[in-house]
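**Q** Here you go, one structure.
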Amino acid sequence: MYLNYDGQRYEIQRAIIDDAGSGDNELVAAVTNKQIVVIHYSMIASAAVNARFESGAGGDALTGQMNLTTNSGISDRFEKGLFETNAGESLNLELSGAVSVDGYLSYILV
């Protein structure tokens, strides 16, 4: 599948969210000179935890803290891009505790 973004065609890629470590959890590895633009994500937590997306480990916050409760989830989608990493940085999910958070996301490399 492809997405037209800023007048160009990009391949939509997907990643699994399957993390349970407190702190930074890498979802998508950094690609030299590329930004990771998230267009859709969905995730659910097995217990109460705060989660946020970041550009790079311990880097810039891309979202605010999302307070997930036991067996609660969140999903968002926007084809123009929800948020993007800094060029050359990984996409991380920061968790406030060692809680299982699972789901998926769709992104393009720009």
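Here, each number is a calculation from the coordinates, and none is a lab measurement. Owing to the predicted nature of the structure, the values given are computational and were not obtained by experimental measurement. Here the Cβ is made from the backbone with ideal geometry for all residues, glycine too, and neighbour counts use every protein chain on show.
**Q** Do you know which of the residues in segment 62-93 that are among the acidic types (Asp, Glu) and within 17 Å of Gln13 (Cβ to Cβ) is surrounded by the fewest Cβ atoms within 10 Å (Cβ to Cβ)? Give the derivation first.
**A** To start, the set of residues in segment 62-93 that are among the acidic types (Asp, Glu) comprises 76, 79, 84, 89.
Now drop any that are not within 17 Å of Gln13 (Cβ to Cβ), which leaves 79, 84, 89.
On the way: Glu79: 13, Glu84: 18, Glu89: 21.
Filtering first and then ranking leaves Glu79.
Matching residues to (1) touching a residue at least 24 places away in the same chain (Cβ under 8 Å); (2) touching a Leu at 6+ places or on another chain (Cβ under 7 Å); (3) outside any strand (DSSP E or B):
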site	(1), (2), (3)
Ile16	yes, no, no
Asn25	yes, yes, no
Ile39	yes, yes, no
Glu54	yes, yes, no
Ala57	yes, no, yes
Asn71	yes, no, yes
Asp76	yes, yes, no
Asn86	yes, no, yes
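**Q** Restricted to segment 1-44, and to residues that are farther than 18 Å from Gly103 by Cα and small (Gly, Ala, Ser), which residue is surrounded by the fewest Cβ atoms within 10 Å (Cβ to Cβ)?
**A** Per the stated criteria, the residue is Gly7.
**Q** Just to be sure before I move on: is Gly59 surrounded by fewer than 16 Cβ atoms within 10 Å (Cβ to Cβ), of a type in the set (Gly, Ala, Ser), over 9 Å from the mean Cα position of the chain (by Cα) and under 17 Å from Ser96 (Cβ atoms) in the structure I sent?
**A** In short, no.
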